[in-house]
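All remarks here apply to the structure that follows.
The values are calculated or read from the model by the stated rules, or taken from the named source; none is laboratory data. Everything numeric here is computed off the predicted structure, so don't read it as measured data. Heads up, the Cβs are rebuilt from the backbone with ideal geometry, glycines too, and the neighbour counts pull from every protein chain shown. Each accessible area value is taken on the protein alone, full model and side chains, heavy atoms only, with ligands, DNA and RNA left out. Shrake-Rupley method; radii C 1.70, N 1.55, O 1.52, S 1.80 Å.
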Amino acid sequence: MMMYQSLENFSLRKINYVKTRTTILKTTANLLKQKEFTDITVDEICQKAQISRGTFFNYFSTKEHIFHYFLRIFTIKIALRMQQWDQSMSFDDKLSTMYKWFLEEKQYSKFISSYINFILTVGEEANEMKLIDAEFVYFYGNISEADYAYYNELTLNKLFKQMCKEAKEKGEITLDYTESELSSLVVGEITGAYLSDHISPEEEHLQTFNRIWRA
């Protein structure tokens, strides 16, 4: 299989595809700094991005699919970061680091709020937004072409399952739950800590939630 080292090595059609999708994403991200997602219209995105409505719908079926696209990009970025973790890193530290990564995501304003809504209305397994080969090179560059399919099917839930599996093997989790149930608890802890911190910002609640793993 051919390995592309830079976006310029792709066809003009693929280059324009990447540029248009990322332009729509960046335009939406900039608008989110000014208003709520529900208040942003497709027409407004098109006007700011200088594209037609027809062009928009060639790339995104609905306005909501812009977040689905960003979540795919975010999930792969998180997976690559996790690969750099020290093998001796504790489960609690992994959770704290994961929570920090969620909070620090500034490209897409109110990321965790959008993620909560996505989980409630769509679910990660139903995310149909995939990256093409040119986008993998544009965003990451160091992912092998043979792994594109794997990363296009990857979800945060799958990453959380792996975290919990390793923690159970080390005895860091004593709950007699399945990996799927434990993964759901990770989602609950991250989103619960986020909501609690939002309500009472003078406190950090993640460590309180951490007690559930050894109940």
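When a 1.4 Å probe is rolled over the protein heavy atoms, the share of accessible surface on the stretch 93-135 that falls to carbon and sulfur comes to 52 percent. A straight Cα-to-Cα reach below 26 Å connects residue 63 with the lysines 14, 19, 26, 33, 35, 48, 77, 106, 110, 130, 158, residues fewer than 8 places away in its own chain not being considered.
Run the dipole for the stretch 1-61 about the Cα centre, Lys and Arg Cβ at +1, Asp and Glu Cβ at -1, nothing else charged, and hand back the magnitude in debye, nearest 20.
180 debye
Assign one of three labels to the stretch 146-215, namely rounded, prolate or oblate, based on the Cα gyration tensor with a ≥ b ≥ c the square roots of its eigenvalues; rounded applies when a/c is under 1.5, prolate when it is not and a/b is larger than b/c, and oblate otherwise. Oblate. Here's the list of aspartates and glutamates a cross-link from residue 170 could span, going by alpha-carbon distance under 13 Å and ignoring same-chain residues fewer than 8 apart: 92.
Rg then Dmax, both in Å and based on the Cα atoms of the stretch 8-95: 16.9, 51. Only Lys, Arg, Asp and Glu carry charge here, each on its Cβ (+1 for the first two, -1 for the last two); on that basis the chain has a dipole of about 780 debye about its Cα centre. Projecting the Cα positions of 10, 152, 120 onto the charge dipole of the chain (unit charges on Cβ atoms of Lys, Arg, Asp and Glu, taken about the Cα centre) puts 10 furthest along the positive direction. Ellipticity at 222 nm from helices only: DSSP H runs of n ≥ 4 in the chain, each -39500 (n - 2.57), divided by the residue count, give -19000 deg cm²/dmol. Rolling a 1.4 Å probe over the protein heavy atoms gives the stretch 9-136 an accessible area of 49 Å² per residue. For the stretch 1-80, the set of trypsin sites (Lys or Arg not before Pro) satisfying both a DSSP loop assignment and a count of at most 10 other C-beta atoms within 10 Å is given as 33. Working out 0.36 nm times the residue gap between residue 43 and residue 166, then minus their Cα-Cα distance, what length gain in nm do you get to one decimal? Value of the extension gain: 39.6 nm. Considering only 212, 178, 25, the residue lying farthest towards the positive end of the dipole of the chain is 25, judged by Cα position with unit charges set on Cβ.
For the stretch 185-192, the Karplus equation 6.51 cos²θ - 1.76 cosθ + 1.60, evaluated at θ = phi - 60°, returns couplings of 5, 4, 4, x, 5, 5, 6, x Hz by residue, with Gly and Pro reported as x. Based on alpha-carbon atoms only, what is the radius of gyration of the chain relative to the globular estimate 2.2 N^0.38 Å? Scaled against compact globular proteins, the figure is 1.11.
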